[in-house]
Amino acid sequence: MPKIITENMIEQAAIKALQERHGYTVLNCMTEEPDTLPDGTGRTDKKQVVLPDVMFESLCRINPDVPTDTVRIVTDELCRTPSSGDLMLTNYQNYQKFRNGITVEYNKNGKKTSNIFRLIAYDDARKNSFIVASQMWIKGETHWRRPDLILFINGFPVVFIELKNSNIPVKNAYDINLKNYLKDIPYLFNYN
């Protein structure tokens, strides 16, 4: 009889590899009850799919010339969970923000100034924050979902990983899990 590799075994191996080989910070978000806060993410609402505190700190580090209050305004806007909308369009718009940055305006020394506000430091990866979150509950419109792993860069969920035991066919996992996640918590896919 073949030995079954469990989801937990795969999850722990992935976390270990991300932490040891790639320097990811590990965030275990598991709570017994889905609506329990705090869960280590810094979220104030379980519908949020971003890590607000990590995002703010990262964006301050990446954009040191932009005033902190402007960074806070941009962060607050990026942390808002859209109630509905075209997922493909939202995803594309966020991709453009990651790629090209956002033009921000602020006053500096009494003078109106504009600057490109970067969400990711492509020139120096060490300025970015890399986090792997396991078992993070997310509230959908009608259902709760708990992805196995989410990889965050600067507080943005850019990779979603749902694991299955080795005896589960990939097609079943796709047909059931991914479609349900996409239907129940579509805003998780706004950034990935």
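The values are calculated or read from the model by the stated rules, or taken from the named source; none is laboratory data. From a predicted model like this one, the values you see are computed outputs, not experimental measurements. Every residue, glycine as well, gets a Cβ built from its backbone with ideal geometry; the counts of neighbours run over all protein chains shown. Ligands, DNA and RNA are stripped out before the accessible areas are found, and what is left, the full protein with its side chains, is counted by its heavy atoms. Shrake-Rupley method; radii C 1.70, N 1.55, O 1.52, S 1.80 Å.
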| note | Out of (1) buried (at least 17 other Cβ atoms within 10 Å of the Cβ); (2) acidic (Asp, Glu); (3) touching a residue at least 24 places away in the same chain (Cβ under 8 Å), the one residue 141 does not meet is (1)
| query | Taking segment 108-129, which residues are open to solvent by less than 60 Å² (accessible area, probe 1.4 Å) and touching a residue at least 40 places away in the same chain (Cβ under 8 Å)? | reply | 115, 117, 119, 120, 121, 128, 129
| said: Considering only segment 131-138, I want to know if a residue exists there that is open to solvent by 50 Å² or more (accessible area, probe 1.4 Å) and either of a type in the set (D, E, K, R) or closer than 20 Å to residue 24 by Cβ (or both). | reply: no
| If you take the residues in segment 159-181 that are in contact with a Leu (Cβ under 8 Å, 6 or more places away or on another chain) and outside any loop (DSSP other than H, G, I, E, B), which one is least open to solvent (accessible area, probe 1.4 Å)? | 181
| Considering segment 152-175 alone, what residues qualify as being among the hydrophobic types (A, V, I, L, M, F, W, C) and modelled with pLDDT of 80 or more? | 152, 153, 156, 158, 159, 160, 161, 163
| query | What are the residue pairs meeting all of these: first residue in segment 2-20, first residue in contact (Cβ under 8 Å) with a residue 24 or more places away in the chain, second residue of a type in the set (Gly, Ala, Ser) and outside any helix (DSSP H, G or I), Cβ atoms under 7 Å, and 6 or more apart or on different chains? | reply | 4/166; 5/166; 11/134; 15/134
| request: Search segment 165-180 for residues that are hydroxyl-bearing (Ser, Thr, Tyr) and pair each with any residue that is open to solvent by less than 70 Å² (accessible area, probe 1.4 Å) when their beta-carbon atoms are under 9 Å apart and the residues are at least 6 apart or on different chains. | output: 166/6; 166/10
| Is it true that residue 105 is open to solvent by 20 Å² or more (accessible area, probe 1.4 Å) and either within 20 Å of residue 184 (Cβ to Cβ) or of a type in the set (A, V, I, L, M) (or both)? | no
| task | Would you confirm whether any residue within segment 145-158 is out of contact with any Asp or Glu (no Cβ under 8 Å at 6 or more places or on another chain), open to solvent by 40 Å² or more (accessible area, probe 1.4 Å) and either of a type in the set (D, E, K, R) or not in a strand (DSSP E or B) (or both)? | result | yes
| Condition broken by residue 52, with the remaining ones in (1) within 22 Å of residue 191 (Cβ to Cβ); (2) out of contact with any Asp or Glu (no Cβ under 9 Å at 6 or more places or on another chain); (3) at pLDDT 95 or above satisfied | (2)
| request: Have a look at 145, 118 and point out the one that is modelled with pLDDT under 95 and among the charged types (D, E, K, R). | output: 145
